[in-house]
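One structure is given here, and the rest of the page talks about it.
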Amino acid sequence: MNIQYTEKLKFVKNFLRQNDAKLIAHYYVDEELQKLAEDTGGCVADSLQMAKFGSQQKESKLIIAGVRFMGETAKILNPEKNIYVIDKDATCSLDESCQLEPFQKFCNSFPDREIVVYANTSAKIKAISDWVVTSSIAIPLVENLASQNKKIIWAPDKYLGAYIQDQTGIDMKIWNGACIVHEEYKTIELKKLITHLGDCDVLVHPESPRSIIQLADVVGSTTKLINASQKSKSKNIIVATEKNIFYQMKKLSPEKNFFEAPTEGEGATCKSCGRCPWMDLNTYKKLINIFTGNNELLLDELVIRNAKKSINRMIEFEDKFYQESTRVS
Ligand code: SF4
């Protein structure tokens, strides 16, 4: 640990204590912020776990190092707390692709279908939906709805939607959104890297295009990919998701080599080059100035109430699903 980090840690510990705040970070923010969250008693997790962790904290303020919808989810589950985001401009292409008015119109044209939305949506979209899901629970939840003869609208990620359809054969009406990071992975270059490395495992987030998923040894949520990187018997791991996840993977397996799935090559536009431009807006400097700006996230009470219903339905389903799978295994 370098001196500069030690000093920063000391400062942030005092800063959080004095402001009665807890720092909670996503796997995709930079290594330093992830470390600061861990070393100050906060957590690093996926968006839902971040919000759930927040509910268990005694502090009155939660600082979210991530993107806006993560802050909103934290507010929905913790309306009595003050939620701050490090940069209010940090959004997400999936969230941005799914605006209230056009999405409502889309849903209205399929009135007999349940609306299932991914966590990467705004609070307003969650509030008009029947279900919110994370990538870890999307397939069992969609299967469960289909087993009750319910028809489904899926939003906003077309790639995750296509993956769920491929896995389950269930028909869904899918919204046309995409993550600009995962959409950039290039199939031919990934094949070349696999051939070049020989002994390797390929871990892919399902927000990636089908042709990338087809090359995967493991497909799953951020948490699943981190666990898979540790369990893998290969020395070389290729990862198709935001590069800052490497911090957690390297911590668990320092002896392994980690490679980014290629984003350059035929047809490349290099919109993101495997980095989320909005996650990159989270910096140490902004963190320590967070209470001097307009960084608190406020949401309409009705939006909170309605969005909470669809999130809580998922949490109940998730708890039941994992209890049942533990009983079966
Ligand atoms: S990596 Fe993609 S899905 Fe995640 S926040 Fe950035 S744009 Fe959104």
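Looking at segment 182-275 alone, DSSP beta bridges between its own residues are antiparallel in about 0 percent of cases. For the pair segment 166-181 / segment 93-139, the C-alpha centres are spaced 12 Å from each other.
The stretch between Lys231 and Lys10, if pulled fully straight at 0.36 nm per residue, gains 76.1 nm over its current Cα-Cα span. DSSP beta bridges fully contained in the chain are about 5 percent antiparallel. Each residue, Asn19 and Glu101, gets one label point 7 Å from its Cα in the Cβ direction; the gap between the two is 3.6 nm. Model label sites at Arg210 and Glu31, defined 7 Å from Cα along the beta-carbon direction, differ in position by 3.8 nm.
Entry note, the chain: the mean residue ellipticity at 222 nm calculated from DSSP H runs of n ≥ 4, each adding -39500 (n - 2.57), is -13500 deg cm²/dmol after division by the residues and rounding to the nearest 500. Exposure proxy ranking for Thr6, Thr292, Thr263, Thr91, based on other Cβ atoms within 10 angstrom of each Cβ and starting from the fewest, stands as Thr292, Thr6, Thr91, Thr263.
Ranking of Leu48, Leu33 by neighbouring Cβ atoms within 10 Å, starting from the fewest: Leu48, Leu33.
In this structure, Asn2 and Asp112 have a Cβ-Cβ separation that, at R0 = 56 Å, corresponds to a calculated FRET efficiency of about 0.40. For Ala240, the residues whose amide H sits under 5 Å from its own are Leu203, Val204, His205, Ala261, ignoring neighbours fewer than 5 places away on the same chain, with H placed 1.01 Å from N.
For Lys243, the aspartates and glutamates whose Cα falls under 15 Å of its own Cα, not counting residues fewer than eight places away in the same chain, are Asp30, Glu31, Glu32, Asp46, Glu183, Glu184, Glu207, Glu260, Glu264, Asp280. Only Lys, Arg, Asp and Glu carry charge here, each on its Cβ (+1 for the first two, -1 for the last two); on that basis segment 182-275 has a dipole of about 300 debye about its Cα centre.
Note on the chain: Cα Rg divided by 2.2 N^0.38 Å, N the number of residues, gives 0.99. A Förster radius of 30 Å, combined with the Cβ-Cβ distance separating Lys320 from Leu252, puts the computed FRET efficiency at roughly 0.55.
Residue separation of Glu301 and Ser147 scaled by 0.36 nm, minus their Cα-Cα distance, works out to 52.1 nm of gained length.
Read the figures in this text as sums done on the coordinates, not as results from a lab. Just so we're clear, the structure is a prediction, and the values are computed from it rather than from any experiment. All Cβ positions, glycine included, derive from the backbone under ideal geometry; neighbour counts span all protein chains shown.
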